[in-house]
1. Subtract the Cα-Cα distance of Lys85 and Ser19 from 0.36 nm times their separation in residues, and report this length gain in nm to one decimal.
2. Here is the link list: Lys76/Lys99; Lys7/Lys30; Lys7/Lys42; Lys21/Lys42; Lys42/Lys107. Which ones come out longer than 28 Å on Cα distance?
3. Rounded to a whole number, what is D in µm²/s for the range 6-48 from Stokes-Einstein with the Kirkwood radius over alpha-carbon pairs (4 °C, 1.567 mPa s)?
4. Tell me the Rg and the Dmax, in Å, that the Cα atoms of the range 78-117 produce.
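Read the figures in this text as sums done on the coordinates, not as results from a lab. This structure is a prediction, so every number in the text was calculated from the model and none was measured.
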Amino acid sequence: MGSSERKPCANNCGFFGTSEKLNLCSKCYKDLCLEEELASMKSVLCSAKPPSPAEPSQGTEGPSKPANRCGTCNKKVGLTGFVCKCGSTFCGVHRYPEKHKCTYDFKGEAREAIAKANPVVKGDKIDRF
Ligand SMILES: [Zn+2]
Ligand SMILES: [Zn+2]
Ligand SMILES: [Zn+2]
């Protein structure tokens, strides 16, 4: 008769589960959903890049690591490359933020540094009524 009879959670966690949630309590059901979501995400990632057996292997490093080249002039910099705060590698000429299209928020950092150096910057205006 009762369509929503309560049984102990199938996970034996002590709570009660419902039949529409696979006899799991809401917490365990949520965990299950999360797990399934992660699994499906993983399978998507795996299926997006099928393993090709006849892949030409060049070098011992993975293909995800590009050669160290300057992000602006594409010159090979190897170990002498400079990694900018924006995360890109540059040659000696383009290492400076103004020499490449730097995406790092230097202004924000400077603002933070100033705020740290001078904790009491604001408040020079006294509210009066
Ligand atoms: Zn449970
Ligand atoms: Zn360069
Ligand atoms: Zn940069």
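1. On the way: separation 66, 0.36 × 66 = 23.76 nm, distance 5.35 nm.
Gain in length upon complete extension: 18.4 nm.
2. Too far apart for the 28 Å limit: Lys7/Lys42; Lys42/Lys107.
3. Details: Rh = 11.0 Å.
So the translational diffusion coefficient is about 118 µm²/s.
4. 12.1, 38
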